[in-house]
Amino acid sequence: MKKKLIILMALVLAFSLLVGCGGDTKPAESTEGEAPAETTEAATSEGEAATEAGAEVAETSAEDGAPVDGGELTIGLSANIAHLDPIKYTALYESNVMRSVYNTLVVYNEDMTQIMPSLATEWSISEDLLNYTFKLRDDVYFQAGKFQEGRKMVAEDVKYSLLRSLNDSAMNRVRYIQDITVNSETELVVTLERPYSPFLVMLTDMGNAIVPQEEVEGHGDDFGRNPVGTGPFQFVEWQADSYVRLERHDKYWGDKPHLDSVRFNIITDGNMMGNSLQSGDIDMATQLSGQNVELIKKNDKLVLDQIPGLSIGYFAFNLTEGPTADLKVRQAMNWALNREELVAGVYKFGEAKPLYLPLPSASWGFSDEAAEIVKSSSGGDVEKAKALLAEAGYPDGFDLELYCAASRVPAATIVQAQMQKIGINVSINSVEWGTFSDIVSQGKAQSYIMGWSWYPDPDFFLFQMLHSNQIGALGNGGGYNNPEVDKILDEATSVTSDQAERTQMYGEALKLIAADLPHLDLYDQDVITGLSNRVKGYTSRPDQTIIIVGDGVNVWLED
């Protein structure tokens, strides 16, 4: 018998906060080395309160604080973009442009505690967790493109888009789909190969956005430079290495966007990003750090928005060969590591906090008990560290090569200095992202520092980084293999969809992981955004996604 999802009720609560693998290998992403998002369900019809596509919105003025229509919002993106095709994107920056062009079947709510309707108005899940039946909105239209004039979206478009992602995605953003059956223009059933409770979470990913087949096949490899979707803004212009510009989609199915247009400026230099916000060249600055944080705090024309995020940084070991394959060596290095000192040195303006688990503290699966296991045996105790090294047969220490991308060199330098105190001579090898990911994924790095950022569900961190099935992939570059951990991680997504039960399972897995120390997890980063006082109605999200219109948000500019 099926569990019916009714409006304002949730079958699965994913009280989680962030998605993705890493850098060029990540689904959600940060510049390099981070990864991408999880499950819940709800059936609050976001569209119930939405005006019909193209409906008139009453003229208002900002004098009483009410939204006004018009204007162009300019957003600074901290890295360049390569693709605007859902199956080809590899980084957060690209997905943040695409979220204004495309829609997915379901979305997270603002605090990422619940999955809500979007193109799907409701859904039901079979008792065996294998069949997902979706009912679709009947008032959704694609933006006009070269090969269609803005036709209505139907269930066949959803089938086409999900199968395209399943078969051709560069980042495997959806998995376990066995079959899709279209019952009508507004209903379809997705059948999975195996029970997988975070399936709905995967559907929130921009890699699974709904696209029109005519445009995809008509443009071929150029679809990523001519994107067409069902979102609130339609693609207008892309100047390589400079900006992407979007304009309001007048047949958008949801609330009419207040803004006329949105422009994403590419600003790869962090200082320039802050300066552009302070000079008024952009209205929103993303991924701020360093002295920009303090400067924006002191500017009464700007707002600094800082919230806990879903991005972590960690120091990982080769667990199959060399000194770090010995648990006592890893324990010694944990005693030698002073995370508070490291975080204060790298993030001088409070952009992050120390971390002791391979899971952000904002995730609903985080375990304080497991974190204490690691924290209680760390803190820079040189004598305890040396004693453990001697027990392991390294009384004089050893040489260790550490790989990282350029952005991780400050953290690597502090690790290097702390390990030197116990006789471990760390040599830092800073390489470009492609080289880094190749070396790490092949298990050829003695040690490495990288980041991970993805969905809030623990599966997208713990399975990707620590399940033995991921050996040979970037996530588990150290070769961690604990059959008991594997068993728990598998059961946490296949036996139940109840969040409380899953939380308990992940807590047990994290205790085992904490005892094994496959990583020395370093820091838990905040999401920091700078905004002009003119920007109204914007809410930052833990996964760094930028929502301009939709999911209960409709940003506007004050005159």
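Packing, as the average of other Cβ atoms within 10 Å across residues, places the peptides 381-389, 524-532 in the order 524-532, 381-389, highest first. Once the chain from Lys146 to Asp516 is taken as fully extended at 0.36 nm per residue, the excess over their C-alpha distance is 127.6 nm.
Where a ≥ b ≥ c are the square roots of the eigenvalues of the C-alpha gyration tensor, would you call the range 195-292 rounded, which needs a/c under 1.5, or, failing that, prolate if a/b is larger than b/c, or oblate? Since a/c reaches 1.5 and a/b is larger than b/c, the shape of the range 195-292 is classed as prolate.
In the chain, taking the dipole from charged Cβ atoms about the Cα centre, the farthest positive-side position among Ser118, Trp364, Val228 is held by Trp364. Taking the Cα centre of the chain as reference, the dipole from Cβ charges on Lys and Arg (+1) and Asp and Glu (-1) amounts to some 900 debye. DSSP bridge analysis restricted to the chain gives an antiparallel fraction near 75%, rounded to the nearest 5. When the surface is traced with a 1.4 Å probe over the full set of protein chains, Leu203 keeps roughly 0 Å² accessible. Accessible area per residue for the range 137-229, computed on protein heavy atoms with a 1.4 Å probe, is 38 Å². Using a cutoff of 8 angstrom between alpha carbon atoms and counting only pairs six or more residues apart, the relative contact order for the range 226-342 works out to 12 percent. Protection proxy ranking for 280-290, 391-401, 488-498, using the average of other Cβ atoms within 10 Å per residue and placing the highest first: 280-290, 488-498, 391-401. For Cα pairs less than 8 Å apart in space and 6+ apart in sequence, what is the mean separation divided by the residue count of the range 76-221, i.e. the relative contact order in percent? Answer for the range 76-221 is 28 percent. Placing unit charges on each Cβ (+1 for Lys and Arg, -1 for Asp and Glu) gives the chain a dipole about its Cα centre, and among Gly313, Ser378, Phe134 the Cα reaching farthest toward its positive end belongs to Ser378. Here, P(r) means the percent of Cα pairs in each 10 Å bin from 0 to the largest distance; for the range 97-163 it is 17, 46, 30, 7, 0.
Taken over the alpha carbons of the range 435-532 as equal point scatterers, the Debye sum produces base-10 log I(q)/I(0) values at 0.11 Å⁻¹ of -0.37. Here the accessible area of the chain is 47 percent carbon and sulfur, with a 1.4 angstrom probe and all protein chains present. With the cut-off at under 16 Å, measuring from each backbone N in the range 194-221 to a point 7 Å along the Cα-to-Cβ line of Asp179 picks out 194-195. Under the rule a/c < 1.5 gives rounded, and otherwise a/b versus b/c splits prolate from oblate, where does the range 277-374 land using the Cα gyration tensor? Because a/c hits 1.5 or more and a/b exceeds b/c, the range 277-374 counts as prolate.
Using only the Cα atoms of the range 324-474, build the gyration tensor, take square roots of its eigenvalues as a ≥ b ≥ c, and label the shape rounded, prolate or oblate: rounded if a/c is under 1.5, else prolate if a/b is larger than b/c, else oblate. It is rounded, given that a/c, with a ≥ b ≥ c, falls under 1.5. With Cα atoms defining each centre, the range 320-369 and the range 498-526 are spaced 12 Å apart in the structure.
The values are calculated or read from the model by the stated rules, or taken from the named source; none is laboratory data. As the structure is a computational prediction, the values presented were derived from the model and not from experiment. No Cβ is skipped: glycine too gets one built from the backbone with ideal geometry, and neighbour counts run over all protein chains shown. To get the accessible areas, we keep the full protein, side chains included, count just its heavy atoms, and leave off ligands, DNA and RNA. Shrake-Rupley method; radii C 1.70, N 1.55, O 1.52, S 1.80 Å.
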